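A quick write-up on the structure given underneath.
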Amino acid sequence: MSERVAIGSLDDFPQGPKRVEIQGHRVAVVRIGDDFYALGDRCSHADYSLSEGDVYEEDLEIECWKHGSTFSLKTGRPTTLPATRPVPVYEIEVEEEKVWLKLP
Ligand code: FES
């Protein structure tokens, strides 16, 4: 059963990526405008942090800074090599200025 945990208020999340570590999950939370996306913060190619990479807002992708794979913020699937496996995707909910993450 999934669990919903509060990870902060809207003000805690400036535009762009931010790493959140909660209950053993390392998550890259990305804010674009008022939209939120959340991916596993470990590149599936090697253990590098996606939240330290660039976000491409138009394509809704984040780039691994180490070797340049990009991942869809919506599906977690890599859109360029060398990564070939997806990273997990988490659901985010925003309610009354509070940001919630759904853990699997
Ligand atoms: S570690 Fe991310 S592409 Fe290689």
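Restricting attention to segment 24-56, and to residues there that are in a loop (DSSP other than H, G, I, E, B) and over 22 Å from Asp11 (Cα atoms), which single residue is nearest to the chain's Cα centre (by Cα)? Ranking the candidates gives Cys43 first. Taken over segment 9-23, the criterion of being assigned to a strand (DSSP E or B) and among the aliphatic types (A, V, I, L, M) is satisfied by Val20, Ile22. Of everything in segment 8-54 that's more than 16 Å from the ligand (Cβ to nearest atom), among the small types (Gly, Ala, Ser) and farther than 18 Å from Glu97 by Cβ, which residue is modelled with the highest pLDDT? Filtering first and then ranking leaves Gly16. Looking across Glu57, Glu93, Glu97, one residue alone is more than 16 Å from the ligand (Cβ to nearest atom) and in contact with a helix residue (DSSP H, G or I) (Cβ under 6 Å, 6 or more places away or on another chain). It is Glu97. Considering each residue of segment 59-67 in turn, at least one proves to be buried (at least 16 other Cβ atoms within 10 Å of the Cβ), outside any strand (DSSP E or B) and at negative phi.
Here Thr84, Thr70 are screened, and the one residue that is within 16 Å of the ligand (Cβ to nearest atom) and loosely packed, with under 14 Cβ neighbours inside 10 Å is Thr84. Against the definition (in contact with a Leu (Cβ under 7 Å, 6 or more places away or on another chain) and among the aliphatic types (A, V, I, L, M)), how does Ala38 come out, yes or no? Against the criterion (in contact with a Leu (Cβ under 7 Å, 6 or more places away or on another chain) and among the aliphatic types (A, V, I, L, M)), Ala38 qualifies.
The values are calculated or read from the model by the stated rules, or taken from the named source; none is laboratory data. Given the structure is predicted, the values throughout are model-derived calculations rather than measurements. Note: ideal-geometry Cβ built from the backbone for every residue, glycine included; neighbour counts use all protein chains shown.
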